[in-house]
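**Q** One structure is given below, represented as C-alpha cells, and several questions about it will come after.
The values are calculated or read from the model by the stated rules, or taken from the named source; none is laboratory data. What you see is a predicted model; the values in this text were computed from it and never measured. For neighbour counting, all protein chains shown are included, and Cβ atoms are generated from backbone atoms with ideal geometry for every residue, glycine included.
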Amino acid sequence: MPQARRSFLSTSPAATEIFAAALARHVKPGSVYALRGGVGAGKTVFARAFARSLGIRRQLHSPTFVLVSQYDIRGRRLKRLYHVDLYRLRRLGLEDRLAIQEVMPDRKGVVLVEWPERVWRWLPSSAVVIDFSVRGLTTRQIVVRRKRR
Ligand SMILES: Nc1ncnc2c1ncn2[C@@H]1O[C@H](COP(=O)(O)OP(=O)(O)O)[C@@H](O)[C@H]1O
Ligand SMILES: [Mg+2]
C-alpha cells in the first residue's frame, strides 16, 4: 500500500501498465481507487492494465451510458472489479447516486473511479487517490496518496 505520497514519472503507456499491475498485485478487497486527471492523462490505460492483472479477460471499456461496469474475478477473496467512469455525468441524479453507493464499498470487490471529483463526498477516507498529469507526449506524472478527507 502506498506510503503518505509517492510520485513517479511514467515515460510510456507500457510503464503505466506495469505500475498498474504492481498496484493490482497488492489490492485488498474493499479498496477504492480514485483516478484523477484530464482527458488523455492515462486513467483508462491504468484501469485496463489493472483489470488484466486481476485476471479479467474481458476488455475494459468506458461505456457511453453506463456509469458502473462490473467485471467478475475468479479469485478466492476478490470477486469483482467495478469500473466507474463519471466523465459524461454532468448532474448526478438519485439513480446515479444509488448505483455508485451500492458498489462502494463492496467487501469482496475493488472499485476504480474515473472523474471521482463528481462523487468525492461519497468516497471512503481509505480511498487511494491517483493523480495523472500530462508532462509530454508520452510522459505522465503519477502521484499516489490516501484520500483521508
Ligand atoms: N506514459 C503514458 N501513460 C499512459 N498513457 C499514455 C502515456 N503516454 C502516452 N499515453 C497515451 O495517452 C492516452 C491516455 O488515454 P486514456 O487512458 O484513455 O486517458 P483518460 O482515461 O485519462 O482520459 C492513450 O492514448 C495513451 O496511449
Ligand atoms: Mg478514461
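**Q** Testing LEU78 on (1) farther than 28 Å from VAL134 by Cα; (2) in a helix (DSSP H, G or I); (3) of a type in the set (A, V, I, L, M, F, W, C), one condition comes back false. Which one is that?
**A** For LEU78, the exception is condition (2).
**Q** Filter the stretch 112-149 down to residues that are out of contact with any Leu (no Cβ under 7 Å at 6 or more places or on another chain), under 25 Å from ARG91 (Cβ atoms), away from ligand 2 (no atom under 15 Å from the Cβ) and not in a loop (DSSP other than H, G, I, E, B), then give me how many there are.
**A** The total comes to 4.
**Q** Give LEU123, LEU78, LEU86 a once-over and let me know the one that is under 13 Å from the mean Cα position of the chain (by Cα), away from ligand 1 (no atom under 16 Å from the Cβ) and either buried (at least 18 other Cβ atoms within 10 Å of the Cβ) or closer than 20 Å to LEU60 by Cα (or both).
**A** LEU123
**Q** Is it true that ARG36 is under 22 Å from SER126 (Cα atoms), among the basic types (Lys, Arg) and over 16 Å from the mean Cα position of the chain (by Cα)?
**A** So ARG36 fails the test.
**Q** So, one more: Looking only at residues in the stretch 13-42 that are out of contact with any Gly (no Cβ under 8 Å at 6 or more places or on another chain) and of a type in the set (Ser, Thr, Tyr), which one is farthest from ligand 2 (Cβ to nearest atom)?
**A** The residue in question is SER31.
**Q** Could you tell me which residue of the stretch 51-75 is farthest from ligand 1 (Cβ to nearest atom), considering only residues that are within 20 Å of ILE100 (Cα to Cα) and touching a Phe, Trp or Tyr at 6+ places or on another chain (Cβ under 9 Å)?
**A** Filtering first and then ranking leaves GLN70.
**Q** Further question: It is to be established whether one or more residues within the stretch 75-84 are of a type in the set (Phe, Trp, Tyr), within 16 Å of ligand 2 (Cβ to nearest atom) and at pLDDT below 85.
**A** No: the stretch 75-84 contains no residue that is of a type in the set (Phe, Trp, Tyr), within 16 Å of ligand 2 (Cβ to nearest atom) and at pLDDT below 85.
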